[in-house]
Amino acid sequence: MASFHSLCFVILLLMINSRITYISAQLAPVSVAPSDGLLPNGNFDEAPNPSNLKKTTIVGKYSLPKWVKKGEVRYVSGGPKRVGFTFDVPQGVRAVSIGSEAYILQYLRVKPWAYYSVSFSATRTCPLDMYLRVTTSYSDTADFAFPNKALYSRKEADTFAWGFRAFSSNTAFIMFSNPTGHPKYYACGPLIQAVAVKELLPSPQTSGNLIQNGNFEIGPHILQNFTTGVYIHPYSLNPISPLPGWRIESRYTIRYIGSKDFFIPSGASAVELLVGGKENAISQDIDTTPNNFYNLTFTIGDAKNGCIGSMAVEAAADKETIKAQYESQGKGGVAYANFRFKAVSFRTKIAFWSVFYHTTIDDTNRFCGPVLDDVKVVPAL
């Protein structure tokens, strides 16, 4: 009898906890996810009420407009400040710093079963090992590690992308948390400057082209006030690719770039291959017929970002490869490549990687590389 009463008590506690969680979700603000743009207050321009700020620390779970927060979260604006450590925020930009074991999250109205990509600009605030954890309500989680310096810019935070799929519910949350514990530096944490979301629509079918999204026009949102492009997490850590159709093999290797800030061979978007080596490839599997021949064509170039030197992109169709050469002056330019291959199975892996490592001419610590665009595979006549 005692064990029966204990079981009933446990069930009652679970029911109460579930009800509290449900009520908390109901009390939290729920925003409509934009099809392509900043989240509501995604750039943190809407500040907490001064009465909810203790110096820079936000007081109150719902005090950051449109967001829910827990733990040591600081609201920062203006230029660099010294608050026990350095906030590197450009003049006029607002941001939040997430302390140890703290988080911010936002509830969104989404389309059931739709695919989305979250773009966010973030950096570290102090010289300690640091991670920013991104979580969705569908149990998708990834940790973004921050190097000692921004990867692609000396003046801006890096921008990252994370893909997820909504399920049957029309409500989801996106949470940013700091899992890195530093007892001595409790308030030290990653700094987030902007968050945007984009619905990833199906790539339109191109007549005869077996490659999906070969022109890279479908991809993550590129933040307007940031010129760094968007770093895409590898497939092993984010199976829902923010770049539909494509699989990223390794981290810190692919940058999604737009024509506003970079030279693009054609259209509005392309990818820059940042790290050399076959293990750092971008790839896609396509349907083929064994023993049939196909033509693979693609464009390479430079992004007009000071990446100078002899570049080479190796392309592979299963075990057949071709190496495309390009001499970069760092001023924007293109070269075209094609080769004919014979399919050996019903599925053929098409892959591309930079042969060499490159850094920008003004900073040898910052990777750059050849641009890839306009990938096509068509049956050979």
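Descriptive notes on the structure:
- Hey, Arg133 at pLDDT 85 or above, surrounded by fewer than 20 Cβ atoms within 10 Å (Cβ to Cβ) and either in contact with a Ser or Thr (Cβ under 7 Å, 6 or more places away or on another chain) or in a loop (DSSP other than H, G, I, E, B) (or both) or not: yes
- Matching entry among Phe263, Phe226 (being buried (at least 18 other Cβ atoms within 10 Å of the Cβ), part of a loop (DSSP other than H, G, I, E, B) and either free of Cβ contacts under 8 Å to residues at least 40 places away in the same chain or in contact with a Ser or Thr (Cβ under 7 Å, 6 or more places away or on another chain) (or both)): Phe226
- Hey, Tyr231 modelled with pLDDT under 95 and assigned to a strand (DSSP E or B) or not: yes
- Looking only at residues in region 309-319 that are surrounded by 16 or more Cβ atoms within 10 Å (Cβ to Cβ) and charged (D, E, K, R), the one that is nearest to Ser266 (Cα to Cα) is Glu314.
- When residues of region 21-75 are limited to those that are part of a helix (DSSP H, G or I) and under 24 Å from Pro179 (Cα atoms), the one modelled with the lowest pLDDT: Thr21
- Residues that are touching a strand residue (DSSP E or B) at 6+ places or on another chain (Cβ under 7 Å), over 21 Å from Asp36 (Cα atoms) and not in a loop (DSSP other than H, G, I, E, B) do occur in region 241-251, at least one of them.
- The set of residues in region 266-287 that are part of a strand (DSSP E or B) and more than 19 Å from the chain's Cα centre (by Cα) comprises Gly276, Asp285, Ile286, Asp287.
- Test: residue in region 299-308 that is more than 27 Å from the chain's Cα centre (by Cα), in the same structural domain as Gly276 (by TED's automatic domain parsing) and surrounded by 15 or more Cβ atoms within 10 Å (Cβ to Cβ): no
- When Pro290 is tested against the conditions (1) in a strand (DSSP E or B); (2) more than 23 Å from the chain's Cα centre (by Cα); (3) surrounded by fewer than 23 Cβ atoms within 10 Å (Cβ to Cβ), the lone failure is (1).
- Filtering region 344-381 to residues that are surrounded by fewer than 21 Cβ atoms within 10 Å (Cβ to Cβ) and part of a loop (DSSP other than H, G, I, E, B) leaves Val344, Ser345, Phe346, Val355, Phe356, Tyr357, Ile361, Asp362, Ala380, Leu381.
- Any hit, region 320-334, residues being touching a strand residue (DSSP E or B) at 6+ places or on another chain (Cβ under 6 Å), buried (at least 20 other Cβ atoms within 10 Å of the Cβ) and farther than 20 Å from Phe216 by Cβ: no
- Residue check for Glu199: touching a residue at least 24 places away in the same chain (Cβ under 8 Å) and either within 17 Å of Val371 (Cα to Cα) or in contact with a helix residue (DSSP H, G or I) (Cβ under 7 Å, 6 or more places away or on another chain) (or both): no
- Residue within region 190-213 that is modelled with pLDDT under 85, outside any loop (DSSP other than H, G, I, E, B) and not hydrophobic (A, V, I, L, M, F, W, C) present: no
The values are calculated or read from the model by the stated rules, or taken from the named source; none is laboratory data. Here the structure is a predicted model, which is why all the values come from computation and not from measurement. Here the Cβ is made from the backbone with ideal geometry for all residues, glycine too, and neighbour counts use every protein chain on show.
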